[in-house]
Amino acid sequence: MEEKEKLVYDNFVRQRRNLMAISLVLFFYISSGIVMDTINILGNSFKVTTPSHVGSILYIVWGYFLLRYYQYFRHMPRAELRTKYAEKMSKIVSVVGVKLFKKGYKTSNKFSLSGIYVFRDGKEWMVSMDVDISDEAQSPLKRNVERINVDTIHLIIPRLKAAFHVAINTRFITEYFLPFLVALLPIFYKGYLFVSGK
C-alpha cells in the first residue's frame, strides 16, 4: 500500500470509528431518556441550564461524522469488491447458461459440453459453450459454439446469490457499509418513537 493510500485508509478507519461511536452514544441518549444537567470536563463541572441542547449538539456531531465518513468512503478503492462479485457471478451465470441451453436443446442427438466461457457485453451476461453433438448413427462428433444471452429475468437470483456470497464471505460489508447502518440506528429509533407516539 502506498503512503498516500495508507494515509487515506487510516483516516477512513478513524472516521468509521468516530461515526460508530457517536451513533451508539446518540442511540443510547435517545433510547434511555437521559437528561444531562451537568457536564464534567477534566474535573471542571458545568451546569446545563437547557438539557435539550445536549441532544441537539449530539445530532450536530453525528451529522459531522457521518459526512466525514461518507467523504472518506468515496475515496476508498472498491475494485476488489467488484472483482469478488464478478467472480461469483461468473460461476453462477455459467450454471444458468448451461441450464438455459439444455432447456432450449430440442433435438434427440446426444451432446456434451466442453468449454464454458462467461463474459459481459455491456450490462448483459453471456455464456459461450463448445458443444459436441453426435447424431443417432454415431457419426463423428460435430462441434458447435453456442452463445447464450442470459437475460435480466434470469439474472435476479444469481445477482442476489453473488451479493449474499460477497456479504457473508468478505470483509467489505462490515468494513464499508455496516457503519452506515449503525449511523441510521438512532434515526430509525427516533422515527419509531415518533410514529408510535412515545
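The values are calculated or read from the model by the stated rules, or taken from the named source; none is laboratory data. For clarity, every value in this text was computed on a predicted model and none was experimentally measured. Cβ: placed from backbone, ideal geometry, glycine included. Neighbour counts: every protein chain shown.
At a glance:
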{"quantity": "Residue that is over 20 Å from Pro77 (Cβ atoms), over 16 Å from the mean Cα position of the chain (by Cα) and in contact (Cβ under 8 Å) with a residue 60 or more places away in the chain, where the choices are Lys190, Lys161", "calculated": "Lys190"}
{"quantity": "Extreme residue, farthest from the chain's Cα centre (by Cα), among residues of region 111-139 that are among the charged types (D, E, K, R) and modelled with pLDDT under 70", "calculated": "Glu136"}
{"quantity": "Residue identified as of a type in the set (A, V, I, L, M), touching a strand residue (DSSP E or B) at 6+ places or on another chain (Cβ under 8 Å) and modelled with pLDDT of 80 or more among Val25, Val98", "calculated": "Val98"}
